[in-house]
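The values are calculated or read from the model by the stated rules, or taken from the named source; none is laboratory data. Everything numeric here is computed off the predicted structure, so don't read it as measured data. Because the Cβ atoms are built from the backbone with ideal geometry, glycine has one as well, and the counts that use them run over all protein chains shown. To get the accessible areas, we keep the full protein, side chains included, count just its heavy atoms, and leave off ligands, DNA and RNA. Shrake-Rupley method; radii C 1.70, N 1.55, O 1.52, S 1.80 Å.
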Amino acid sequence: AQSVAQPEDQVNVAEGNPLTVKCTYSVSGNPYLFWYVQYPNRGLQFLLKYITGDNLVKGSYGFEAEFNKSQTSFHLKKPSALVSDSALYFCAVRDTYNTNAGKSTFGDGTTLTVKP
Amino acid sequence: NAGVTQTPKFQVLKTGQSMTLQCAQDMNHEYMSWYRQDPGMGLRLIHYSVGAGITDQGEVPNGYNVSRSTTEDFPLRLLSAAPSQTSVYFCASRRSGTSNTGELFFGEGSRLTVL
């Protein structure tokens, strides 16, 4: 079984400071890892993904994430937070065993609040 | 581009009533899925489909039925609504195939309240 843990329900940062939203995962094989963002009363939007290759992946809106296989982590980062980054962030994992029925498992989400 | 379209956006039901949440995508995605979102519980997979005529259960399938007669549409049916089914429902799709690396595209959600 695959699972995702987002250990922080809430992350608060000041505008201009760096931010990190944590994610750890568990899968049987190699993982595909994703970050999504949800703004109030909206659907989830894709931010970035790790499939293979470089452990540091860059995505939309200046976000990046680092894949660490030994720590089974995929933390989301941004060098300088904006107030408009305030939203709910979800980490998701998909295993690579069954290529056509790969189900995505989501974490419980982390609410990011960036204060001016 | 319409993407993934869900209807209705809001619905109030009485216990025991039935209804169908509609989902349509115009991206020719083979994979479609339904999730429910509850506070503090993230998104939980209800049912999914890897192509027309093929459906399977997810993590929380009880009380829900699905069918996939076309690539574009993936309706979710509640046969006898219960208060425990009060939630926000999201339809999501992605390209399938051998790579299986595609990200999910989500609809805007359907907020269901069962009284």
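Being part of a strand (DSSP E or B), open to solvent by 20 Å² or more (accessible area, probe 1.4 Å), in contact with a Phe, Trp or Tyr (Cβ under 7 Å, 6 or more places away or on another chain) and among the hydrophobic types (A, V, I, L, M, F, W, C) narrows it down to one of A:VAL13, A:VAL4, so name that one.
It is A:VAL4.
Across region A:70-96, what is the number of residues that are among the aromatic types (Phe, Trp, Tyr) and more than 12 Å from every other protein chain (Cβ to nearest Cβ)?
Residues that pass the stated criteria total 1.
Can you tell me which residue is nearest to the other protein chains (Cβ to nearest Cβ) among those in region B:89-108 that are without any contact (Cβ under 8 Å) to a residue 60 or more places away in the chain and surrounded by fewer than 17 Cβ atoms within 10 Å (Cβ to Cβ)?
By that ranking, first place goes to B:THR98.
On the given criteria, is B:TYR64 within 13 Å of chain A (Cβ to nearest Cβ) and either open to solvent by less than 20 Å² (accessible area, probe 1.4 Å) or free of Cβ contacts under 8 Å to residues at least 60 places away in the same chain (or both)?
No, not satisfied.
Over 22 Å from A:LEU47 (Cα atoms) and not small (Gly, Ala, Ser): does that describe B:LEU13?
yes
If I ask for residues that are open to solvent by 40 Å² or more (accessible area, probe 1.4 Å), in a strand (DSSP E or B) and within 24 Å of B:ARG111 (Cβ to Cβ), which ones from region A:29-57 would you list?
Listed by number, the residues that qualify are A:GLN45, A:PHE46.
Between a first residue in region A:1-18 that is within 13 Å of another protein chain (Cβ to nearest Cβ) and touching a residue at least 12 places away in the same chain (Cβ under 8 Å) and a second residue that is among the small types (Gly, Ala, Ser) and surrounded by 14 or more Cβ atoms within 10 Å (Cβ to Cβ), which pairs have beta carbons less than 6 Å apart while being 6 or more apart in sequence or on different chains?
A:SER3/A:SER26; A:VAL4/A:GLY107; A:GLN6/A:GLY107
Of the residues B:GLU72, B:GLU59, which single one is of a type in the set (D, E, K, R), facing chain A (nearest Cβ under 9 Å) and open to solvent by 20 Å² or more (accessible area, probe 1.4 Å)?
Every option except B:GLU59 fails the conditions.
In region B:5-31, what count of residues is obtained for those that are outside any loop (DSSP other than H, G, I, E, B), within 15 Å of B:GLY109 (Cβ to Cβ) and not aliphatic (A, V, I, L, M)?
8
Restricting the search to region A:58-68, which residues are open to solvent by 20 Å² or more (accessible area, probe 1.4 Å) and under 23 Å from B:GLY42 (Cβ atoms)?
A:GLY59, A:SER60, A:TYR61, A:GLU64, A:GLU66, A:ASN68
Any residue at all in region A:99-114 that is closer than 22 Å to A:GLU15 by Cα, assigned to a loop (DSSP other than H, G, I, E, B) and within 14 Å of chain B (Cβ to nearest Cβ)?
Yes, the conditions are met somewhere in region A:99-114.
When region B:32-41 is examined, which residues are found to be at the interface with another protein chain (Cβ under 9 Å from one of its Cβ atoms) and either within 18 Å of B:GLN22 (Cα to Cα) or buried (at least 20 other Cβ atoms within 10 Å of the Cβ) (or both)?
Residues satisfying the conditions are B:SER33, B:TYR35, B:GLN37.
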